[in-house]
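First the structure, in the form of structure tokens, and then the observations on it.
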Ligand SMILES: [Cu+2]
């Protein structure tokens with residue numbers, strides 16, 4: 001569904017991607033990231049990320065032309081110069097939808113949650129801050 | 001309601017000379033005690049017969065190959081479930097310090113390097129480790145079969161096998177581990193002086209909070225200001241993960257203790273891990289950590305963040321027991337040798353350069369996290385019919 005919408009939008013006008021990337025029904029995004037014609041909508045499961053608890057990230061990816069692929073979801077604490085102690089596994093659910101399992105934030109502070117997206121011979125990293133109290 | 005609480009927190013902070021946010025952060029180190037949830041990976045968790053069996057096994061030296069070493073040889077209740085030695089001694093010398101098993105059910109990984117992903121799989125390891133108890137699965141099966149009381153409790157806890165002789169050795173070993181774990185889940189510490197202070201802060205009761213000694217209160221602020229709580233977080237004062245705080249990991253003779261780096265490899269290769277056939281959790285939730293855990297070069301020389309509760313019972317300190325007193329530990333953080341911290345490592349620590357009176361305060365705070373009654377022999381549970 002989403003992929004079809006993105007492709008159509010791509011044909012009409014690539015600038016319209018932002019509007020064309022709609023969340024599937026029942027998917028209320030926690031955040032929307034956009035860069036270089038790529039849009040990532042994401043939410044977490046559970047919705048509130050708790051310190052020291054594993055969580056999953058669900059993402060919807062759209063972009064210009066051929067639908068881009070999400071290749072990696074990861075997180076780091078830039079100030080502390082370390083990543084997570086767990087490597088998330090990423091599964092494609094079709095239609096530009098993905099689920100990353102096994103993330104865990106083990107320290108309070110600022111985490112940078114990142115999404116690597118590949119398409120049309122380009123790799124784009126979109127990132128957002130999550131502050132754990 | 002909300003406004004009243006905020007005013008309360010500000011007022012109590014001002015009354016006690018605490019900084020902004022300190023009340024909230026100190027309150028996050030409670031409430032205590034916590035009640036650990038049942039372990040879904042262990043069907044015997046919480047089972048009275050299993051707890052009774054685990055209690056007997058824990059104190060039974062016949063579990064070792066020569067009948068001389070029990071779990072309680074190293075985890076001595078009256079010593080806060082440790083042995084008072086720098087490094088443990090079983091059948092031979094062990095390279096690490098014996099950690100307490102008080103509140104151990106709250107941990108995510110077990111051992112200093114997290115080589116076990118469940119309390120029950122951790123419990124099997126010393127039984128078969130040649131340095132600790134040197135026994136085997138067959139030895140455990142024979143012991144449980146030949147002792148009437150153990151056999152009776154085993155049958156009650158795990159269901160009577162039709163033919164007692166048919167309990168295969170590996171199953172008997174796993175059952176012993178699960179019974180030991182069920183017992184250790186009941187080994188918990190109670191309230192420390194800090195907990196009364198913490199609860200007073202949470203209620204906004206300045207008068208009760210003021211009963212906490214001033215030195216410990218200053219130490220508590222210093223603990224937050226020094227970012228100790230980044231790793232020593234939550235009610236048990238640990239994030240349950242692994243860090244390098246500059247404790248040397250050379251063992252002598254050119255060998256090193258690689259800590260978490262080896263621990264991850266071992267837990268992933270462990271036949272008794274949560275991805276293996278003996279995990280009782282069918283939902284897959286308990287095994288998420290094991291499925292995703294990863295060693296990186298930063299894991300080299302990292303050790304598990306210990307709980308800071310009950311430290312007065314558990315000297316000496318650190319994974320190799322190198323420090324006899326809390327003052328030495330605090331001095332370690334005060335004078336931190338940055339050269340020692342692995343270059344791939346995270347950047348969290350800096351030498352604190354504390355004054356002697358600040359060291360006193362931090363020590364007073366750490367001492368206030370001890371339940372004075374935690375180092376005692378628990379009553380032996382009895383199960384009717386066994
Ligand atoms: Cu960090």
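The values are calculated or read from the model by the stated rules, or taken from the named source; none is laboratory data. Being a predicted model, the structure only gives us computed values, none of them experimental. Cβ sites come from the backbone with ideal geometry, for glycine too, and all protein chains shown count toward neighbours.
Points to keep in mind about this one:
- Screening residue A:26 on (1) more than 12 Å from chain B (Cβ to nearest Cβ); (2) surrounded by 15 or more Cβ atoms within 10 Å (Cβ to Cβ) shows it passes everything except condition (2).
- Filter pass, residue B:153 being surrounded by 24 or more Cβ atoms within 10 Å (Cβ to Cβ), farther than 22 Å from residue B:267 by Cβ and in contact with a helix residue (DSSP H, G or I) (Cβ under 6 Å, 6 or more places away or on another chain): yes
- Note on region B:269-290: among residues that are out of contact with any helix residue (DSSP H, G or I) (no Cβ under 7 Å at 6 or more places or on another chain) and part of a helix (DSSP H, G or I), the one that is farthest from residue B:109 (Cα to Cα) is B:269.
- Residue that is farthest from the other protein chains (Cβ to nearest Cβ), among those in region A:62-76 that are at pLDDT 95 or above and crowded, with 18+ Cβ neighbours inside 10 Å: A:70
- Of the set (1) surrounded by fewer than 17 Cβ atoms within 10 Å (Cβ to Cβ); (2) under 19 Å from the mean Cα position of the chain (by Cα); (3) in a helix (DSSP H, G or I), all apply to residue B:138 but (2).
- The number of residues in region A:102-112 being outside any strand (DSSP E or B) and more than 14 Å from the ligand (Cβ to nearest atom) comes to 0.
- Among the strands (runs of 3 or more DSSP E) confined to region A:40-101, the ones with at least 1 residues that are within 16 Å of the ligand (Cβ to nearest atom) and closer than 16 Å to residue A:130 by Cα are located at A:69-77.
- If you go through region B:271-287 and keep only what is crowded, with 20+ Cβ neighbours inside 10 Å and closer than 26 Å to residue B:235 by Cα, you end up with just B:274.
Condition check ((1) away from chain A (no Cβ under 14 Å); (2) touching a strand residue (DSSP E or B) at 6+ places or on another chain (Cβ under 6 Å); (3) at pLDDT 95 or above) across all residues:
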site	(1), (2), (3)
B:268	no, no, yes
B:276	yes, no, yes
B:297	no, no, no
B:307	no, no, yes
B:310	yes, no, yes
B:322	yes, no, yes
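- Qualifying residue in region B:240-260 (condition: under 19 Å from residue A:104 (Cα atoms) and more than 16 Å from the ligand (Cβ to nearest atom)): no
- Some residue of region A:113-131 being under 30 Å from residue B:295 (Cβ atoms) and within 14 Å of chain B (Cβ to nearest Cβ): yes
- Listed by position, the helices (runs of 4 or more DSSP H) inside region B:8-118 whose residues that are more than 14 Å from residue B:183 (Cα to Cα) number at least 3 are B:22-27.
- Subset of region B:291-303 [touching a helix residue (DSSP H, G or I) at 6+ places or on another chain (Cβ under 8 Å) and not in a helix (DSSP H, G or I)]: B:293, B:294, B:295, B:300, B:301, B:302, B:303
- The set of residues in region A:113-124 that are touching a residue at least 24 places away in the same chain (Cβ under 8 Å) and away from the ligand (no atom under 16 Å from the Cβ) comprises A:115, A:116, A:117, A:118, A:119, A:120, A:122, A:123, A:124.
- Number of positions in region B:224-244 that are in a loop (DSSP other than H, G, I, E, B) and in contact with a strand residue (DSSP E or B) (Cβ under 8 Å, 6 or more places away or on another chain): 5
- One residue from B:216, B:192, B:236, B:179 being away from the ligand (no atom under 16 Å from the Cβ), closer than 30 Å to residue B:377 by Cβ and within 14 Å of chain A (Cβ to nearest Cβ): B:236
- Considering region B:326-377, the residues that are free of Cβ contacts under 8 Å to residues at least 60 places away in the same chain and within 16 Å of the ligand (Cβ to nearest atom) include one that is farthest from the other protein chains (Cβ to nearest Cβ), namely B:350.
- Among the residues of region B:330-350, those identified as in a loop (DSSP other than H, G, I, E, B) and surrounded by 13 or more Cβ atoms within 10 Å (Cβ to Cβ) are B:336, B:341, B:342, B:344, B:345, B:346, B:348, B:349.
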